[in-house]
Amino acid sequence: MHATSRTSPIKTRKTALCASPGVQALRRNRQPKRRMTSREPKPVGFAVAVVAPFPPPSGGMSVQAAKLAERLTGEGIPVETVAVNPVLPRWSRWAESVPGLRTALREAVFLRRMLAVLPKVSVVHHLSASGLYFFLTTTPVTLLGRLWGRRVIVNYRGGLAESFLKRWGWLAVPILRMAHHVAVSSAFLQRVFGRHGVEASLLPNLADLERFHYRERMPLRPRLIVTRNLEPMYNVECVLRAFRAIQQRYPEATLCVAGSGSEQARLQKLAGELNLSGLTFLGAVRHEDLPQLYDDHHILVNASNVDNFPGSLLEAACCGLPVVTTAAGGIPDMIQDHQTGLLVGVNDHEALAGAVLELLAQPELALRLARAARRWVEQFCWERVYGSLLEHYGLPSVAAANQERKRAWA
C-alpha cells in the first residue's frame, strides 16, 4: 500500500515522555539508589553535583547525565543532581505554555537548587552546550561554583561549538577559562576549542555495554532504524529520501524513525508524498526501551548535518548494528570508513542509500564492520571512563589504580 494525503501506511505511536522511576527521581533532584560496581578506591568525604538537563525528555545530554549520576552513586560517591530543566512547582504549571515566562521560572527554580547544593559538594560537573543554554546555565554554574570555592568541570557537548565560539567567543571564552577543566567528548571538539584558545581535555561519552547487548545479524535484512530527534540539524529528510531509493531495490525494506521534534509533521507529510511504505514514526522513545528497539533492526542510518559524538552511534556499535552515517562534525573521529562503519557526504541521500545497499549486497562486510565497531566501543565502558572522571575531579590518589586498569585494557 502506498501513502496518500488521506490514508497512509506510516505507523505512529505516542510513547510516554515520562522516564522510569529512577530517572524521574533524578529530574526531581533526588538521590538514585547506590549500586557498587567498580573495583576503584572510593574517595572519602567527597561529593559531586551533576548539573545538567535530566529526562524527560530523553535527549543525548540528559541520558548521559542520568547515567553519570547513577554510576557515580553506584561507586559510593554522594551525588547531588541539579536539573537545569526542572519540573515547575504545581502552582506555576500554567506557565508551561508561556515560553518566556516558563524559561524565567525554570531559571529561578534551577538557581535556587544550585545554591542549596553548593555547600554540600566538592565538585561541580556541569554538562554544557552552545547558545542561550550556555549563558543561562554554564555562566551562573561556573561563577557560583568558583565563588563557593568548588572544583568546576565544564563538560561541553554538541556540534555547534565552532559557530558559537566564532560569534560569542569574546564573552564565552573568559567564562570557560574560569573552570578548572573544560572537558569534551571528542578530538573534534578539542580542536575546535583549541582554535579559540581554550585547552580542553577528553572525557568521552559513556557506552552502556551492560544494557545494550551485542548480536550479530546473519542473515542481514533491510530493517533500518534512525534514532535522532526530528530537528533540522539531524536531517532525517535525507534518510527518508535514501529509504525511497533502497525500497526500489528491496521493496520489503522497513524504516523505523525513533524520535520526536519540530520536524515531525513535515517529515510525515514528505513520507506520504514519497509514497513510502514500511515506515514507522515512533515518536519519543524512552531510553530504557531502546535496547529492544535496536535488537529488532539490522542497520543504523544517520544523516546529521552537524554533530559531535552522537550516543546513537555508540549504542548501535554496542548492539552489533552496522552503521551508515554522514561524516558530519566529529563523526569521522568516531567511525572509520570501511573499518567500523560507512561514511558518506553530508546531505547526500543517494550516497546514503548506496552505502546501505553496499552492506545488503555484502553481508560479510556488514559483519566485519559490526565486529570492529563493537571492539572500538568497549573503550567507552564505565570501567575506563570512571578513572578519567576521578582524575578530572582532582583525586590523585586513584591515578595509579586508573593507569593500571588502562594497561590491563590495552
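Taken together, the values in this text are just the output of simple stated rules run on the coordinates, not laboratory data. Here the structure is a predicted model, which means the values were calculated and not measured. Please note: Cβ atoms are built from the backbone with ideal geometry, for glycine as well, and neighbour counts cover all protein chains shown.
Long-range amide H contacts for VAL152: which residues qualify at under 5 Å (H placed 1.01 Å from N, peptide plane, sequence gap of 5 or more or a different chain)? Those lying under 5 Å, H to H, from VAL152 are VAL124, HIS180, HIS181. The stretch between ALA327 and LYS269, if pulled fully straight at 0.36 nm per residue, gains 18.2 nm over its current Cα-Cα span. Note that region 76-92 has calculated 3J(HN,Hα) couplings of x, 8, x, 10, 10, 9, 10, 7, 7, 10, x, 6, 6, x, 4, 5, 10 Hz, one per residue in order, obtained from phi through the Karplus relation 6.51 cos²θ - 1.76 cosθ + 1.60 (θ = phi - 60°); glycine and proline are x. The mean sequence separation of alpha-carbon pairs under 8 Å and at least six residues apart, normalised by the residue count of region 210-379, gives a relative contact order of 27 percent. Full extension of the chain segment joining GLU199 with LEU88 gains 36.3 nm, where the gain is 0.36 nm per residue of separation less the Cα-Cα distance.
In sequence order, region 160-166 has phi-based couplings of 9, 4, 4, 5, 5, 6, 4 Hz under the Karplus curve 6.51 cos²θ - 1.76 cosθ + 1.60, θ = phi - 60°, and Gly or Pro positions carry x. Based on alpha carbons, the Rg and Dmax found for the chain are 21.6, 66 Å. Distance between the 7 Å Cα→Cβ label points at HIS213 and GLU350: 4.3 nm. The residue among VAL324, ALA361, ALA372 whose Cα reaches farthest toward the positive pole of the charge dipole of region 314-375, with charges on the beta-carbon of Lys, Arg, Asp and Glu, is ALA372.
If R0 equals 56 Å, the separation of the Cβ atoms of SER163 and ARG221 corresponds to a calculated FRET efficiency of about 0.90. A simple rule links phi to the HN-Hα coupling: the Karplus curve 6.51 cos²θ - 1.76 cosθ + 1.60 with θ = phi - 60°, which for region 334-344 gives 9, 9, 8, 4, 6, 10, 10, x, 10, 10, 9 Hz, with x for Gly and Pro. Simple point charges give the picture: +1 on the Cβ of Lys and Arg, -1 on the Cβ of Asp and Glu, and for the chain a dipole about the Cα centre of about 1220 debye.
Shown here: region 313-386, whose C-alpha atoms stretch 41, 28, 15 Å along the first, second and third principal axes, sorted largest to smallest.
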